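The values are calculated or read from the model by the stated rules, or taken from the named source; none is laboratory data. The structure displayed is predicted, hence computed values, not measured ones. Every residue, glycine among them, receives a Cβ derived from its backbone with ideal geometry; neighbour counts consider all protein chains shown.
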Amino acid sequence: MSYETLIYDQDGPVVTVTLNRPDKMNAFTPTMGREMEEVLDRADNDDSVRAVIFTGAGRAFCAGMDLSADGNVFGLDETVDPTSPEMEKNRDTGGRVVLRMYRMKKPLIGAINGASVGVGTTMQLPMDVRIASPFAKFGFVFAERGITLESCASWFLPRLVGIAKAAEWSYTGRVFKADEALAGGLISEIVKPDALLARAHEIAESFSARTSAMSVALNRQLLWRMMGASHPMEAHKAESRTMLHTSMRDGKEGVQSFLEKRDPAFKDSVSDGPPAGFDWNAEPDFS
């Protein structure tokens, strides 16, 4: 399967998705958004895939929205009343992508190889690990363009870096370098350009080498969902269900392999489904 704006490449348990508009610095378009949702579905539904890396072709990761498009460059219908039910059909494209990332059962890794501003930065926020080249740049530039945060950044960003840093970056709209992103907690590591993808693969493979696919999938969803929980009891209720489910399946093999001092042979597939009462795709209505 081929894509207009992306390259999908699988190497063992790891998929690398490359944003592939190098002549436009991989600027984001509604087509890229739709294709990103498609590749996320594809990877999530394939039991052979254990992790997904995102990177960019050429010298940029993603230079934000392609502002050269005709009409509303953000792909929105300006005739729709923002208070009407029709807004369901007029949703922010970047937001649809990051909500699909949020629901993922496979870990996501950003290998940020160059400039990434606007949606190029906000699309990274639901990724589990973000590493960057020294040449990477970041920017929540929306105020400088006269628009607001998008891609659910107002939810993700303060949870990742704290409200003070989120406010500073959002209110100024300035572009900043990888060292500031590292200091602020937006990325976890700066890697030499020629080693960036290798390091991303190393991280991705560490998520699958000796782990249960079901355990990783449930842990990912637990961590992201509980960032918005109102009380630790919500975590206790969810974890009680997931612990019961896994303890009757891969948990038995995990305990036995530990006792026998051997590598585990986990068999529980993510496609077998989550525990009773745990919906992989749970999401509130847009209204």
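Of note:
- Positions within region 147-196 being more than 26 Å from Met226 (Cα to Cα) and either part of a strand (DSSP E or B) or under 16 Å from the mean Cα position of the chain (by Cα) (or both), in sequence order: Val175, Phe176, Lys177, Ile190
- Only one of the numbered conditions (1) touching a Pro at 6+ places or on another chain (Cβ under 7 Å); (2) surrounded by fewer than 20 Cβ atoms within 10 Å (Cβ to Cβ); (3) at pLDDT below 95 is not met by Thr93, and that is (2).
- Residue within region 200-210 that is under 29 Å from Gly114 (Cβ atoms) and in contact with an Asp or Glu (Cβ under 8 Å, 6 or more places away or on another chain) present: yes
- Screening Ser116 against (1) surrounded by fewer than 17 Cβ atoms within 10 Å (Cβ to Cβ); (2) out of contact with any helix residue (DSSP H, G or I) (no Cβ under 7 Å at 6 or more places or on another chain) leaves a single unmet condition, (1).
Quick grid of which residues meet (1) touching a helix residue (DSSP H, G or I) at 6+ places or on another chain (Cβ under 8 Å); (2) surrounded by 13 or more Cβ atoms within 10 Å (Cβ to Cβ):
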{"position": "Val39", "(1), (2)": "no, yes"}
{"position": "Ser48", "(1), (2)": "no, no"}
{"position": "Thr83", "(1), (2)": "no, no"}
{"position": "Met104", "(1), (2)": "yes, yes"}
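Here is a yes/no grid of residues against (1) within 18 Å of the chain's Cα centre (by Cα); (2) assigned by TED's automatic domain parsing to the domain that holds Lys177; (3) over 27 Å from Val270 (Cα atoms):
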position: Met25; (1), (2), (3): no, yes, yes
position: Thr29; (1), (2), (3): yes, yes, yes
position: Glu37; (1), (2), (3): yes, yes, no
position: Gly64; (1), (2), (3): yes, yes, yes
position: Asp77; (1), (2), (3): no, yes, yes
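- Some residue of region 26-49 being among the β-branched types (Val, Ile, Thr), more than 23 Å from Ser208 (Cα to Cα) and free of Cβ contacts under 8 Å to residues at least 12 places away in the same chain: no
- Listed by first and then second residue, the pairs linking a residue in region 120-132 that is in the same structural domain as Phe176 (by TED's automatic domain parsing) to a residue that is part of a strand (DSSP E or B) and charged (D, E, K, R), with Cβ atoms under 6 Å apart and 6 or more places separating them unless they lie on different chains, are Gln124/Arg130; Ile131/Glu189.
- Only one entry in Asp77, Asp128 is farther than 30 Å from Thr211 by Cα and not basic (Lys, Arg), namely Asp77.
- Subset of region 140-157 (residues that are surrounded by 19 or more Cβ atoms within 10 Å (Cβ to Cβ), touching a Gly at 6+ places or on another chain (Cβ under 8 Å) and free of Cβ contacts under 8 Å to residues at least 40 places away in the same chain): Phe140, Phe142
- Those helices (runs of 4 or more DSSP H) of region 207-287 in which at least 3 residues are surrounded by 12 or more Cβ atoms within 10 Å (Cβ to Cβ) and without any contact (Cβ under 8 Å) to a residue 12 or more places away in the chain, considering only elements entirely within it, cover 232-247, 250-259.
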